[in-house]
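What follows is one structure encoded as structure tokens, with my remarks underneath.
The values are calculated or read from the model by the stated rules, or taken from the named source; none is laboratory data. Owing to the predicted nature of the structure, the values given are computational and were not obtained by experimental measurement. Here the Cβ positions follow ideal geometry from the backbone for every residue, glycine too, while neighbour counts run over all protein chains shown. For the accessible areas, the whole protein counts, side chains as well, though only heavy atoms, and no ligand, DNA or RNA atoms are used. Shrake-Rupley method; radii C 1.70, N 1.55, O 1.52, S 1.80 Å.
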Amino acid sequence: MLWAALLPALENTPSTELLHGAAQWAMQYTPRVTVLEASALAMELSASTRLFGGKRLLVERVRNEAAELDLRVPSWAPTSLAALALARAGQTNGFSKPLAEVLDALPFDALSAARAHEATLSRLGCRNLGHVRALPRGGLSRRFDAGLLTAMDQAYGLRPETHAWVQPADRFAQRLELMSRVELAPAMLFGARRLLLQLCGWLAARRSGTTAITLKWCHDVMRSKTAGDGGELTVRTAEITRNVEHLSRLLAEHLAKVELKAPVGDLELIADEVQPMEERSAALLPDPAQSGESLALVLERVAARLGPERVLRPVTAADHRMEWMVHWQPADQPLPRKAVHDISLPQPTFMLPQPLKLAVRGDRPIYQGPLIMLSGPHRVEGGWWHRLSDDAGQQSTANVLRDYWVALSEHAGVLWVFHTRLDDERSAWFLQGVFA
């Protein structure tokens, strides 16, 4: 059984928020996460090695992310108490030798149960756990409490260990006190990334993703009265995600536009919108389409830098009227969930911003010469429900009644024209699109 014990940077003054946040981060690797002695975190990872590409890759990944959370280098051993003792002794690998040989060489104060009897064990000549283990078991149980012998047996794998596994919270809202006061908003990203790692681990444990997160900050107590208590920033994504790199880049783009009114001392990250995330099964062969960053992620990052009103993308609507068939929306907004069915009408490659009224000669429309009708008519009628308002506040409807034709011009090529009636009941021809 493979365990990892992670100790906070200051073991004597462990941070409850740090351990709670680290436990949520660890849940992305295994649901079996527990807090040991209020000073360390343990994970049971034997069932996760194959999922993450083997023991070596998993160890490297946990080691790198643990450093970002300000945790000591993790230690690995067959039991959790052995991994904890190795971490306190500054060693990492508990599988290089037999477990008894590894533990015997450690100082006896690496085990919390033995540290409580440090004075007595020192007078008995004990210097390491091997010396403690060599003491007669009967005398050890009589002179010391039962916890020492139980902890020794559990560390050496002679007795089973029982743990209260951490359960993921129903809502993610994690705070972090910064190591120093921050005066520039982009500098908050260092602490915010730690919170993002915890968020993504929590989302992975719930098999979910997020589409909106809020970063809040509290100003220093020595702030001016006009600065206020703090501020907040909400970041939205068009697609459900729990990619920490993408969320970090989006947050960095938004923080670059924020100006702090006072130094910041505390951060809080909240997951506003959490939705179930559909997992993608791994294929036997790599998919080149998934090797790079998706277009949606690139558009979100560009929109965060330039502004959502400057990065738009087309969205089709269930409407046969050409002017309202496609509309533009900010790239960071989610696409409609309801798919639009294909329209059977011919679709021109290019459409004019406004229909161009054509001249008529002998009931035939003219555009760079007389037009020859190739197919049609295609009747489009509707829009009585669509209300429009002009600058003067006058209401009108966008109802249309048109007969569309595919026409051929000798010089302009294939065109998309329609025939309609005007308000005075006169008929008219308009050019609306061109086929490439």
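Calculated from DSSP H runs of 4 or more alone, at -39500 (n - 2.57) each and per residue, what is the 222 nm mean residue ellipticity of the chain, nearest 500? Don't skip to the answer; put the middle values down first.
Working: 12 runs with 114 residues, N = 436.
Computed mean residue ellipticity for the chain: -7500 deg cm²/dmol.
Determine, from the Cβ-Cβ distance of Gln394 and Val360 and an R0 of 25 Å, the FRET efficiency 1/(1 + (r/R0)^6), rounded to the nearest 0.05.
Details: r = 30 Å, r/R0 = 1.20.
In this case the efficiency is close to 0.25.
Under a point spin-label approximation (7 Å from Cα along Cα-to-Cβ), what is the Ala38-Lys225 distance to one decimal in nm?
Going by the 7 Å Cα→Cβ label model, 4.1 nm.
Taking θ = phi - 60°, what integer Hz values does the Karplus form 6.51 cos²θ - 1.76 cosθ + 1.60 yield along the stretch 105-113, in sequence order, with x for Gly and Pro?
The phi angles translate into 7, 7, x, 5, 6, 6, 9, 4, 5 Hz.
Could you look at the chain and say what percent of its accessible area is carbon and sulfur, using a 1.4 Å probe and all protein chains?
On the way: 13120 of 24710 Å².
In the chain, the share of accessible area belonging to carbon and sulfur is 53 percent.
Going by accessible area, probe 1.4 Å, with all protein chains left in place, what is the ranking of Ile372, Ile213, largest first?
Order by accessible area, largest first: Ile372, Ile213.
Using a 1.4 Å probe on the protein heavy atoms only, what accessible surface does Glu268 show? Give it in Å² to the nearest 10.
The accessible area of Glu268 comes to roughly 40 Å².
How far is it, in nm, from the label point at Glu273 to the one at Lys257 when both lie 7 Å from their Cα along the line to the Cβ?
1.7 nm
With θ set to phi - 60° and the Karplus curve 6.51 cos²θ - 1.76 cosθ + 1.60, what are the ³J(HN,Hα) couplings of the stretch 50-64 in order, to the nearest whole Hz, using x for Gly and Pro?
With coefficients 6.51, -1.76 and 1.60, one gets 5, 5, 9, x, x, 5, 5, 5, 5, 4, 5, 5, 5, 4, 5 Hz.
For Ala89, which sequence-distant residues (separation of 5 or more, or a different chain) have an amide H within less than 5 Å of its own amide H, given hydrogens modelled in the peptide plane?
none
Long-range amide H contacts for Arg159: which residues qualify at under 5 Å (H placed 1.01 Å from N, peptide plane, sequence gap of 5 or more or a different chain)?
Gln154
Give me the extension gain from Ser375 to His327: residue separation times 0.36 nm, minus the current Cα-Cα distance, reported in nm with one decimal.
Length difference between fully extended and current span is 14.5 nm.
Simple spin-label model, 7 Å along Cα-to-Cβ: Ala134 to Gln368 in nm?
10.1 nm
Would you tell me the accessible area of Lys357, worked out with a 1.4 angstrom probe on the heavy atoms of the protein chains, in Å² to the nearest 10?
Result for Lys357: roughly 120 Å² accessible.
What fraction of the Cα pairs in the stretch 72-130, stated in percent, has a spacing above 13 angstrom?
Distances greater than 13 Å cover 56 percent of the Cα pairs.
How large is ³J(HN,Hα) for each residue in the stretch 95-104, as worked out from phi by the Karplus curve 6.51 cos²θ - 1.76 cosθ + 1.60 (θ = phi - 60°), to whole Hz, x for Gly and Pro?
Values, residue by residue: 10, 5, 9, x, 4, 4, 5, 5, 6, 4 Hz.
Could you give the Stokes-Einstein D for the chain in µm² per second, using the C-alpha Kirkwood radius, 25 °C, 0.890 mPa s?
Taking Rh from Cα pairs, D becomes 89 µm²/s.
What does a probe at Ala67 reach in the stretch 191-224, counting residues whose amide N is under 18 Å from the point 7 Å along Cα→Cβ?
Only 191, 193-195, 197-198 fall inside the zone, counting backbone N under 18 Å.
Rounded, prolate or oblate: which fits the stretch 176-223 when a ≥ b ≥ c are the square roots of the eigenvalues of the alpha-carbon gyration tensor, with rounded for a/c under 1.5 and prolate only if a/b beats b/c?
prolate
So, for the chain, what is the accessible surface per residue at a probe of 1.4 Å, expressed in square angstrom?
I get 57 Å² per residue for this part.
What ranking of Val244, Val414 comes out by heavy-atom accessible area, probe 1.4 Å, highest first? Kindly include the intermediate steps, with their values, before the conclusion.
Numbers: Val244 25, Val414 45 Å².
In descending accessible area the options line up as Val414, Val244.
What order do Ser48, Ser96 take when sorted by accessible area (1.4 Å probe), most exposed first?
The residues order as Ser96, Ser48, largest area first.
When only C-alpha pairs under 8 Å and at least 6 residues apart count, what is the relative contact order of the chain, in percent?
11 percent
Once amide H atoms are built 1.01 Å from N in the peptide plane, which residues 5 or more positions from Gly433, or in another chain, come under 5 Å H to H?
Leu352, Trp416
Under the rule a/c < 1.5 gives rounded, and otherwise a/b versus b/c splits prolate from oblate, where does the stretch 137-237 land using the Cα gyration tensor?
Cα axes put the stretch 137-237 in the prolate bin.
Between Ala173 and Val315, what FRET efficiency follows from the Cβ-Cβ distance if R0 is 30 Å, with the result rounded to 0.05?
Details: r = 33 Å, r/R0 = 1.10.
The formula returns an efficiency of 0.35 here.
So between Arg127 and Val298, what do we pick up on full extension, going 0.36 nm a residue minus the alpha carbon distance?
On the way: separation 171, 0.36 × 171 = 61.56 nm, distance 5.88 nm.
Taking 0.36 nm per residue and subtracting the Cα distance, the gain is 55.7 nm.
Over the stretch 51-143, calculate the relative contact order: mean separation of alpha carbon pairs under 8 Å at least 6 apart, over the residue count, as a percent.
That works out to 18 percent.
So if R0 is 45 Å, what FRET efficiency would Leu306 and Ser96 give, r being the distance between their Cβ atoms, rounded to the nearest 0.05?
E(calc), rounded to 0.05, equals 0.25.
How big is the accessible area of Leu422 in square angstrom, nearest 10, if you roll a 1.4 angstrom probe over the protein chains?
50 Å²
So what's the angle, to the nearest 10 degrees on a 0 to 90 scale, between helix 244-255 and the longest Cα principal axis of the chain?
The answer is roughly 70 degrees.
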